[in-house]
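Written out below as structure tokens is the structure these notes cover.
The values are calculated or read from the model by the stated rules, or taken from the named source; none is laboratory data. Everything numeric here is computed off the predicted structure, so don't read it as measured data. Glycine also receives a Cβ, built like all others from the backbone with ideal geometry; neighbour counts cover every protein chain displayed. We work out accessible area using only protein heavy atoms, side chains counted, and drop any ligands, DNA or RNA first. Shrake-Rupley method; radii C 1.70, N 1.55, O 1.52, S 1.80 Å.
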Amino acid sequence: MRLEENAIKQIGLPESNKLKYEVLLPSHIEIGKLICAYANTDGGLLVLGVLNKNSIISIKGLSDDFQVEIVVKNSLAKISPAVQIEKGFITYEGKKLYVIKVEKANEIVTFNNIQYEISYKTIKKVTSQKINNYNTNITEKVMPYTDKLDIILKFLLDNPKRINVNKYTIRELFADEIFLSEAEQLIEKLKETKYVKSYNDRYIGMSIDTAMFLENGGFSGKNPNSVQSSTKSVFLSYSWKQKETTSKLYNFLKANGYNPAMDDHNLAYKDKLSTFMESIRAFDYAILIISDDYLKSANCMTEVLHILNERESYKKILPIRHENVKIFSAAERLKYIQFWKTQLEESSALLENLDRISTIEETKSLK
């Protein structure tokens, strides 16, 4: 009740550095940055299901199947060190809301290895700090240059077969929080050492000295176990006929430090499958296990559409082709086009004989 009582006292107040409203579900990146900023500033409250437009605050509420826990879980997985929060659903004016209360941290908190703070209701990256309450700027960034070099080395060590790491890979490794120019500088710095191999002066990979160098503290002089790497979240899209195989992949990813999700593991009783699929955009990657059944499944095709609606979706899709599907020739692909054309025609014919009011959901699904 403490969370609900605290939230009820604040809901209706204007937004501030310690209070923010969202009527829809933000991405895990937006939530992560806000939690990080709250922890580094003075704590704060995020309330979902409330609209703040033109300084008018309206309680809209959330549906019973509002799927938020997966998104919050992904946000918290990329926050270091862990922060003290309370979260959960509350009832306000007869409507369901979701609240996240963040306490001020006693140490610097980062999201995706970047420190954030909130000022004038705006979330900002921290590039300087105040010392002893004096406005003395220090040149050391939130993540020192040496730490970034060690993170790259650890990535190479964790991916020994990668020999095509370039500036774009490095930028993605830091969640697009650095510029390409800085990524190039990091690569050039590593090339000057013997701790990476250079391929065609364009790519880098691990060398025989990489592991030993990190074990001895790397560029930062820290224990290699302290080198952070962001926990990547992976959505598994599959046909239920490949459920056993997908479960094995799920367990493999889980055991190797990833944060995987598949509907059989994450969908709670009475949750809507459609709501779960809409949360796909919160994941870093999506593995598509493409089988014959997959290409003939309406649910699987809906998942694919949600993934493709994500900006730069090609960066997050990792396809795996099942042996029972043939899609390399035009004739093989046309068979699936014909399959869905037939499904469309049959469903359209059935809907023509029914009144529109009783078939609203079916018509939406058909579109």
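If R0 is 41 Å, the Cβ-Cβ spacing of GLU244 and SER63 corresponds to a FRET efficiency of close to 0.80.
Within 10 Å of each candidate Cβ there may be at most 14 other Cβ atoms; applying that plus a DSSP loop requirement, which GluC sites (Glu not before Pro) in segment 306-367 survive? Here the sparse-neighbourhood loop sites are GLU312, GLU323. Look at the alpha carbon pairs under 8 Å that are at least 6 residues apart: their mean separation over the length of the chain gives a relative contact order of 12 percent.
The ARG321 and GLU182 beta-carbon pair, evaluated with R₀ = 30 Å, returns a calculated FRET efficiency of approximately 0.25. Residue ranges 79-88, 27-36 sort as 27-36, 79-88 when ordered by packing (mean number of other C-beta atoms within 10 Å per residue, highest first).
About its Cα centre, the chain has a charge dipole of approximately 520 debye under the convention of +1 per Lys or Arg Cβ and -1 per Asp or Glu Cβ, with nothing else charged. In terms of the mean number of neighbouring beta-carbon atoms within 10 Å, the peptides 116-123, 236-243, 206-213, 336-343 order highest first as 236-243, 206-213, 116-123, 336-343. Available extension along the chain between ALA255 and LYS364 is 35.3 nm, counting 0.36 nm per residue and deducting the alpha carbon span. Computed with a 1.4 Å probe over protein heavy atoms only, the accessible surface of the chain comes to 59 Å² per residue.
Can you send over the carbon and sulfur percentage of the accessible area for the chain, probe radius 1.4 Å, protein chains only? For the chain, the apolar C and S fraction of the accessible surface comes to 51 percent.
Considered as an equivalent ellipsoid built on the Cα gyration tensor, the chain has semi-axes of 39, 34, 16 Å, the largest given first. Taking 0.36 nm per residue of separation and subtracting the current Cα-Cα distance, fully stretching the chain between SER198 and LYS104 would add 29.4 nm. In this simple spin-label approximation, LEU305 and LYS341 carry label points 7 Å from Cα along the Cα→Cβ vector, and these lie 2.0 nm apart.
Multiplying the residue separation of LYS124 and LYS87 by 0.36 nm and subtracting their alpha-carbon distance yields 11.0 nm.
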